[in-house]
Amino acid sequence: MPDATTGLWPWAQQMLQLLWPATVETLWMVLPSALGATLLGLPLGVLLVILAPGQVAENRPLHQVLSWGVNAGRSFPFIILMVAVIPFTRAVVGTTIGTAAAIVPLTIAAIPFVARLAESSLLEVDSGLVEAALAMGATPLQVVRKVLLPEALPSLILGSTLTVITLVGYSAMAGAIGGGGLGDLAIRYGYMRFQTDVMVVTVVVLIALVQVLQVMGDGLSRALYRRRSG
Amino acid sequence: MIDVVDVKKTYRDGQREVMALDGVTLHVPRGSVYGIVGESGAGKSTLIRCLNLLERPDAGSIRVDGVELQTLSPAGLRQARRKIGMIFQHFNLFSSRTVLGNVTFPLECAGVPGQEARRRAREMLGVVGLGEKAEVYPAQLSGGQKQRVGIARALVGEPSVLLSDEATSALDPVNTVAILDLLRSLSRQMGLTVVLITHEMAVVKAACDHVALLEQGRVVEEGPVLDLASRPGSRLAAQLFHRYGGTGAGAAPAGAGTLGLGARRRAAVVFVGAAAGEPLLTRIARRYDVDFNILEGGMERLGDTVLGRLVVEAVGEAPRLDQALTALQEAGCRVEVLDVA
Ligand SMILES: Nc1ncnc2c1ncn2[C@@H]1O[C@H](COP(=O)(O)OP(=O)(O)OP(=O)(O)O)[C@@H](O)[C@H]1O
Ligand SMILES: [Mg+2]
């Protein structure tokens with residue numbers, strides 16, 4: 001807390017010095033993980049949709065296997081996953097501690113999450129549109145690229161927003177393997193050193209970050225909807 | 001153009017089995033506008049979806065332009081589908097694409113270069129009267145305009161067949177007429193064969209030259225619309241001309257003919273086209289010295305054809321009567337003698 005000897009301004013400067021790098025670390029963990037999880041999870045979500053019975057690339061056994069795998073991935077507790085993937089992390093980034101190392105488990109944890117979100121977005125697309133495309137001689141790949149993905153885009157963006165925000169939460173746990181970030185800061189200063197002010201300010205920054213991300217995602221999605229509905 | 005032979009399709013829905021198509025055989029002549037009518041659940045949608053293999057039948061053959069669709073490879077089927085346009089009750093336009101983007105879609109799928117695709121799409125939008133709306137999104141259009149986009153999209157690849165599943169059912173009467181007129185004129189201009197599903201007889205009257213009645217997955221009646229008008233006991237005719245068509249041989253007012261002595265013939269007479277406009281009955285009555293007592297009748301417009309359908313009682317000397325009826329036939333009418341006295 002600011003007091004007579006330190007003053008408000010020095011206090012604020014001190015907070016900024018703590019919080020700014022932590023915020024950057026959080027974003028540096030979250031955004032690449034979200035990107036990586038989308039690159040891998042979105043195709044998985046597409047497969048979950050098109051391999052399902054009655055869909056353009058129907059394949060029941062493969063669909064079952066994928067669906068089971070995604071469920072297994074989602075039910076894996078993140079803290080255990082982080083430890084379990086340590087050998088893989090070392091192979092990919094060369095180290096198992098630090099911000100870059102946290103990206104690996106975060107990405108892996110978010111893949112099945114992204115896949116299910118994408119699946120539900122894609123399932124919202126009117127099956128009549130897929131049918132119309134097939135009737136016009138579209139290939140299954142064209143159905144995915146020209147119909148399913150563009151039609152579901154506003155909903156997919158909302159899903160990505162949710163993914164990023166969920167990853168902000170997960171990234172706090174990544175502090176456990178030296179990932180740094182806002183969550184780590186709150187634990188180290190607020191919980192372990194009893195600097196309640198650091199913890200409070202960190203939580204406020206986290207709330208603000210989540211709000212900003214949500215507003216950006218909603219705005220982008222709504223702008224797309226609006227363009228389509230005129 | 002389209003030959004459907006003994007097509008069967010059963011849906012399995014858990015324990016229940018629904019025989020949606022139970023041996024359908026149809027021949028759709030090239031260049032015709034072929035209506036398929038029937039009650040809800042009769043199998044109309046299932047049948048039309050078999051014509052581009054959106055639905056695979058369990059048995060039977062489906063030939064379009066001489067090609068058996070079921071033997072085609074996936075790539076071959078896509079090729080064939082590009083020559084079979086389809087329009088839908090709820091339009092099924094892509095909300096993520098502009099009107100122009102919707103119409104270029106089939107061309108993009110076929111690998112037509114972007115500029116060429118856009119040029120052809122604009123041309124087609126002009127044909128359906130939506131040249132101004134190329135850059136807007138479908139959500140900004142009225143129902144009738146959306147279906148015009150649907151038609152442009154279905155026809156931009158210059159198909160030889162157009163399938164229409166209840167394409168006017170979501171439209172108001174004014175737009176229904178406009179869309180049907182558009183379909184008729186396009187089919188004539190492009191030499192298109194149209195298969196049109198509907199549950200409204202008014203649509204058949206306005207647009208079709210052939211019609212089939214589907215009931216519980218079977219074709220129970222079929223033929224050129226103009227022939228049905230004079231077909232005795234025709235259920236399609238009864239529905240098409242319900243105002244007076246329900247009258248079979250037994251339903252005439254008893255003792256209606258009170259025109260003195262001589263023989264009587266009660267006959268259904270159908271005038272087609274030009275014959276309907278002439279004072280033909282009077283002329284023949286004078287020439288053969290017989291009297292025509294009109295029991296019921298009316299005029300219909302079937303597409304571009306005017307059709308008159310009368311039930312008459314002819315009274316006079318027997319040989320003259322038969323001559324008069326023959327003369328009516330020679331003048332281009334269809335005559336069916338209902339009873340003789
Ligand atoms: N995918 C499906 N699964 C199970 N049953 C189906 C399926 N599609 C159609 N049916 C059944 O097949 C029968 C024929 O359906 P179809 O949709 O062809 O009828 P329709 O003549 O087009 O009716 P409507 O005028 O209501 O559109 C109905 O009994 C329907 O319930
Ligand atoms: Mg139907």
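Bear in mind these aren't lab numbers, they're just calculated from the coordinates by the rules spelled out. These numbers were taken from a predicted model, which means no experiment stands behind them. Neighbour counts run over all protein chains shown; Cβ positions are idealised from the backbone, glycine included.
Structure summary
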{"read-out": "Cα centre as origin, Lys/Arg/Asp/Glu Cβ charges: the stretch B:2-223 dipole, Debye", "value": "740"}
{"read-out": "Spatial separation of Cα centroids for the stretch A:170-194 and the stretch B:293-337, in angstrom", "value": "97"}
{"read-out": "Exposed-site-free run, longest, chain B (rule: GluC sites (Glu not before Pro); DSSP loop; at most 13 other C-beta within 10 Å)", "value": "B:136-341"}
{"read-out": "Note, ³J(HN,Hα) from phi for the stretch B:219-225, Karplus 6.51, -1.76, 1.60, rounded to Hz, x at Gly and Pro", "value": "7, 9, 7, 6, x, x, 4"}
{"read-out": "The stretch A:19-229: C-alpha pair distances exceeding 23 Å, %", "value": "52"}
{"read-out": "Helical contribution to [θ] at 222 nm, DSSP H n ≥ 4, -39,500 (n - 2.57), averaged over chain B, rounded to 500", "value": "-9500 deg cm²/dmol"}
{"read-out": "Cβ-based exposure ranking for B:Lys83, A:Lys146, in which fewest neighbours within 10 Å come first", "value": "B:Lys83, A:Lys146"}
{"read-out": "C-alpha center-to-center spacing [the stretch B:31-45, the stretch B:115-171] in angstrom", "value": "23"}
{"read-out": "Positive dipole terminus of the protein assembly as shown, leading residue within A:Ile207, B:His90, A:Met15 (C-beta point charges)", "value": "A:Met15"}
{"read-out": "From phi via Karplus (6.51, -1.76, 1.60), per-residue ³J(HN,Hα) for the stretch A:9-26 in Hz, x at Gly/Pro", "value": "5, x, 4, 5, 4, 5, 4, 4, 5, 7, 7, 4, x, 5, 5, 4, 4, 4"}
{"read-out": "Base-10 log of normalised Debye intensity for the stretch B:2-223 (one unit scatterer per alpha-carbon) at q = 0.12, 0.15 Å⁻¹", "value": "-0.64, -0.98"}
{"read-out": "Likely footprinting exposure, A:Met192, B:Met1, A:Met173, fewest C-beta neighbours within 10 Å first", "value": "A:Met192, B:Met1, A:Met173"}
{"read-out": "Phi-based couplings in Hz for the stretch B:203-208 (Karplus 6.51, -1.76, 1.60; Gly and Pro marked x)", "value": "5, 4, 4, 6, 10, 9"}
{"read-out": "Rh by Kirkwood over Cα pairs, then Stokes-Einstein D for the protein assembly as shown at 0.692 mPa s and 37 °C, µm²/s", "value": "113"}
{"read-out": "Placed amide H near B:Glu221: partners under 5 Å, 5+ positions off or other chain", "value": "B:Leu213"}
{"read-out": "Electrostatic dipole magnitude of the stretch A:97-222 [Cβ: Lys, Arg +1; Asp, Glu -1; Cα centre; debye, to 20]", "value": "340"}
{"read-out": "Residue exposure sequence - A:Val201, A:Val30 - by fewest surrounding Cβ within 10 Å", "value": "A:Val201, A:Val30"}
{"read-out": "Sum of -39500 (n - 2.57) over DSSP H runs of 4+, divided by residues of chain A (222 nm, nearest 500)", "value": "-25500 deg cm²/dmol"}
{"read-out": "All lysines inside 17 Å of B:Lys8 as judged from Cα atoms, apart from same-chain residues fewer than 8 positions distant", "value": "B:Lys44"}
{"read-out": "FRET efficiency for A:Trp9 and A:Leu141, using Cβ-Cβ distance with R0 set to 51 Å, rounded to 0.05", "value": "0.30"}
{"read-out": "Charge-dipole axis of the stretch B:2-223 as Lys and Arg at +1 and Asp and Glu at -1 on Cβ define it, positive-most pick from B:Leu72, B:Ser164, B:Pro138", "value": "B:Pro138"}
{"read-out": "Cut-off under 5 Å, modelled amide H: who pairs with B:Gly23 long-range", "value": "B:Val7, B:Lys8, B:Lys9"}
{"read-out": "Distant-in-sequence amide H partners of B:Leu338 (H built 1.01 Å from N, under 5 Å)", "value": "B:Arg266, B:Ala267, B:Ala268"}
{"read-out": "Antiparallel DSSP beta bridges within the stretch B:2-223, percent to nearest 5", "value": "50"}
{"read-out": "Kyte-Doolittle mean at least 0.0 and Cα axial length at least 15 Å: DSSP H helices in chain B", "value": "B:99-109, B:173-190"}
